[in-house]
Amino acid sequence: MSAGKKPPLRLRNSTETMDRNQTVEIMLTEKVSVLILKNAVPTICSMMVSAIYNTADTFFVSKLGTPASGAVGIIFSIMAVMQAFGFTIGMGSGSIVSRLLGGGDIKKASVFTSTGIVTAFSIGTVLGMTGIIFQDEITTKLGATSTILPYARDYARFILIGTPFFITSFVMNNQLRWQGKAALGMVGLISGGLLNIVLDPIFIFVLKLGMKGAALATLTSQLISFSILLSMFLRKKSVTDFSLRNVSRDAKDYLNIFRTGFPSFCRQGIGSFAMIVLNTQARKYGAISPACNFSADAVIAAMAITNRLFMLLMSVALGLGQGFQPVCGMNFGAKKYDRVKDGFFFLVKITFAILSVLALGVFIFAAPIARVFRDDPNVISTAVIALRAQSIAVPLHAIIFAVNTMLQTTGQPEQATILSSLRQGLFFIPLILFLPPLIGLRGVQTAQATADILTAAASVPFAVMFFKKLNQEKKSK
């Protein structure tokens, strides 16, 4: 075998070998812009549907009253913790799998696939049981007022039961996407998401289950998504193989997964903590400023609406970034650095253009959008300012997501972790703590946008240093 060539992937079935080898070869040869868009479309569809059914939850639950809308914002913090673990294990194991596939080692890639899935389910089971035991204490600490607490309790119970399925679904979807099989992940997530949208009004209003109905609809949809995604691995639709026999017994492999996925944990985990701080600041604002006629429930509900809506917009940026991940990972593993660079700059340009158009729409139609979710003057007036402030900063997520994705995908967890921690940790949390005492409610409404602008500015030096290092490696080859 010549020095520059990689060994062929070896699988039991020759047809499977051909199909899986072809998947990797396409990632290493086809035009990067085409690959990113091809992988991004199913991912964006998946994330849009997920964001839409989260938004649908907010929409239908809002019909139960302002405290119910606030409860969705409170429980979103719990779901963000689940996402933190799901993304940590999924992004960590998926990034490693992608680079191993680029280097031709499918056997080791299958070990990280199986280890990631089993680890996610185990951690999810522990987290779910702990959450159920300490449910009231947790929801109160998350910022629930006495009027929001009963709704939060009803919603949290079923969400916590589904924790292992929720976290593992994130991991399996990430695994498929990192292997260039984003369309398969799309089938699982979209099926569950559409089912959730259909079940919400049935369970909430037809069966008169109220808040419990919304949570039960979400739990049911998660179980369906989990089953479909798991079947993709069991039916050998993935590039790697999932088997309990493949689960690693080497502690270094687990450490490698969590080390590689740690930037995602920081991004999601700190984001969850930031949401808690936001809710407590909103509650405090209503409590210390009774003369302004804004209740704490109204402020919490308005920020919940704002966050859910921008999750919908961010799903486009995340989808494009995740379309870049397998392209970046496999080409970096194959040492095709020019393709990594071309993919990065294409990602920044296309993401900035799309987010600018979407943000402009939100800025112009902020009031009608807020009114769709809750026809409460206090909620609407609070949400409008927050929506417009965040609209200004949204296009800058093109550079934030692109740099973070590239660093994590190429095995630069330390830099990716620092960058992930900046947005919510170094910038947002101090801003949400110090701005409201200085400028009142405006501080709650504008803290996130200010943090995003600062994070975008801080991302540029990370990109410059990475490409400088990449050029040095290229010259040394």
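FYI, it's all coordinate maths here, none of it is from the lab. Please read these numbers as outputs of a predicted model, since none were measured by experiment. Counting neighbours? That spans all protein chains shown, and the Cβs are built from the backbone with ideal geometry, glycine included.
Not counting the cut sites, what is the longest span of the chain without chymotrypsin sites (Phe, Trp or Tyr not before Pro) that DSSP labels loop and that have at most 14 other Cβ atoms within 10 Å? Intermediate values should be presented prior to the final figure.
Values: sites that count: PHE134, PHE365.
Counting only loop sites that pass the neighbour cut-off, the longest clear stretch is 135-364.
Quick one: angle between helix 32-62 and the longest Cα principal axis of the chain, in degrees between 0 and 90, rounded to 10, please.
It is inclined by approximately 20 degrees.
What translational diffusion coefficient, in µm²/s and rounded to a whole number, does the Stokes-Einstein relation yield for the chain at 4 °C and a viscosity of 1.567 mPa s, taking the hydrodynamic radius as the Kirkwood radius over Cα pairs? Can you show the working numbers first?
Values: Rh = 22.6 Å.
Translational diffusion coefficient: 57 µm²/s.
Roughly how many Å is it from the Cα centre of segment 322-367 to that of segment 388-406, as a whole number?
Between the Cα centre of segment 322-367 and that of segment 388-406, the gap is 10 Å.
Counting Lys +1, Arg +1, Asp -1, Glu -1, what net charge surrounds LEU355 among other residues with beta carbon under 14 Å of its beta carbon?
0
Can you give the helix-only mean residue ellipticity at 222 nm for the chain, where every DSSP H stretch with n ≥ 4 adds -39500 (n - 2.57) and the sum goes over all residues, rounded to the nearest 500 deg cm²/dmol?
Details: 18 runs with 391 residues, N = 477.
That calculation yields -28500 deg cm²/dmol at 222 nm.
Rounding to the nearest 20 debye, state how big the charge dipole of segment 177-273 is about its Cα centre with +1 on each Lys and Arg Cβ and -1 on each Asp and Glu Cβ.
So the magnitude is around 200 debye.
Dipole of the chain (Lys/Arg Cβ +1, Asp/Glu Cβ -1, origin at the Cα centre): which of GLY271, PHE112, ALA182 lies farthest to the positive side?
It is PHE112, whose Cα lies furthest towards the positive end.
On a straight-distance basis, which lysines could pair with LYS237 in a cross-link, Cα separation under 23 angstrom, same-chain partners fewer than 8 positions away excluded?
Those lysines meeting the cut-off are LYS38, LYS107, LYS108, LYS181.
Give the cross-link partners of LYS341 among the lysines, using a straight C-alpha distance below 16 Å as the criterion and excluding same-chain residues fewer than 8 apart.
Filter leaves LYS31, LYS349, LYS468, LYS469, LYS474, LYS475.
Output needed: percent of Cα pairs per 5 Å distance bin for segment 360-468, bins running from 0 to the one holding the longest distance.
All Cα pairs, binned at 5 Å, distribute as 2, 13, 18, 18, 15, 14, 10, 6, 3, 1, 0 percent.
Run through segment 155-238 and list the trypsin sites (Lys or Arg not before Pro) located in a DSSP loop whose Cβ has at most 10 other Cβ atoms within 10 Å.
LYS208, ARG235
Going toward the positive end of the dipole of the chain, with +1 on Lys and Arg Cβ and -1 on Asp and Glu Cβ, which of THR260, ALA68, LEU435 do you reach last?
Value: THR260.
In bins 5 Å wide, starting from 0, what share of all Cα pairs of segment 316-389 does each bin hold, as a percent?
3, 15, 18, 13, 11, 10, 9, 8, 7, 4, 2, 0
Put +1 on the Cβ of each Lys and Arg and -1 on the Cβ of each Asp and Glu in the chain; which of ILE224, THR410, ALA84 then has its Cα farthest toward the positive end of the dipole?
With unit charges placed on the Cβ atoms, the residue in question is THR410.
Output the direction-averaged projected area (hull surface divided by four) of the convex hull of the alpha-carbon atoms of segment 98-210, in nm².
8.9
Quick one: putting +1 on the C-beta of Lys and Arg, -1 on the C-beta of Asp and Glu, what dipole do you get for the chain around its Cα centre, in Debye to the nearest 20?
1340
Between 0 and 90 degrees, rounded to the nearest ten: what's the tilt of helix 163-178 against the longest Cα principal axis of the chain?
40
Can you return the lysines within cross-link range of LYS63? Criterion is Cα-Cα under 18 Å, with same-chain partners fewer than 8 residues away left out.
In chain and number order, the partners are LYS208, LYS212.
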